[in-house]
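The values are calculated or read from the model by the stated rules, or taken from the named source; none is laboratory data. As the structure is a computational prediction, the values presented were derived from the model and not from experiment. Because the Cβ atoms are built from the backbone with ideal geometry, glycine has one as well, and the counts that use them run over all protein chains shown.
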Amino acid sequence: MSFGVFLAVIGAALLHAVWNAIIKTGLSKQTSMFLLSVGHALIGCAVVLTKPFPAAEVWPWLLASGLIHMAYQLFLAYAYEQGDLSRVYPIARGAAPMIVMVVSILFLSDPMGLMDFVEVFVDTPLEVCEARDPKGMYARARKGEIPNFTGISSPYEPPERADIHLDAGERTAEELADEVLKQLEFD
C-alpha cells in the first residue's frame, strides 16, 4: 500500500469517527446532521475554488447531488433518533444500491434488468457471530446494555428466497467469495 493510500484510509477513518461522535453527542440528531451537511458544502466550495469552473450543464446535477445527499443524511439522522445507529446505519447503507437500481430502471439509458441482481445470504450461526465479535457488542446486548439487538433481544429474520445461500460457520471470507463466483459462473 502506498503512503498516499495509507493516509487516505486513515483520513477516512478519522472523518468517520468524528462524524459518529458528533451524531451521538450534542444537539438533536437532525440538527447535528444538518450542520455536518453544511460543513460538507463549505468544504466542497473550497475544493471547487481550486478547480476549473464547471460548465453550465453540470450545475443542475451538482445541485441535485448535493440535495439528495443532504436529504439522505437528514433521513439517516431521523432514523437514528428512532433506533440505534449500529442497527440503522447498515440498513441505510444497503438502501443506496436499491436507490441506484430504481433510478437506473426508471431513468437511465442503460437500465439494469431483473437478472442483474442476486441476493446472497451469508448464513452465520449466532454463536459464530458472538465468537467473531471484536467489540463485545453481543456480550453487551446479553447484559441488556444494548436494547433491540438483532438475534439477542430482537428477532432475526433470514431471507426467505436468497439466490445464493452460503453457510459461513466454518468458512473463510475467501472461500465464501470463491463460492459466490462459482455459483455465478465467473470462474
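For this structure, a couple of remarks:
- Scan the stretch 121-140 for residues that are under 19 Å from the mean Cα position of the chain (by Cα) and assigned to a helix (DSSP H, G or I) and the total you get is 1.
- Screening Glu145 with (1) within 29 Å of Ser28 (Cα to Cα); (2) assigned to a helix (DSSP H, G or I); (3) modelled with pLDDT of 75 or more gives one miss only, at (2).
- Answer residue from the stretch 58-93, given it is surrounded by 12 or more Cβ atoms within 10 Å (Cβ to Cβ) and among the aromatic types (Phe, Trp, Tyr) and is nearest to Val38 (Cα to Cα) among those: Tyr72
- As a summary of the residue check, Val180 satisfies the conditions (1) in a helix (DSSP H, G or I); (2) aliphatic (A, V, I, L, M); (3) touching a Phe, Trp or Tyr at 6+ places or on another chain (Cβ under 8 Å) except for the one numbered (3).
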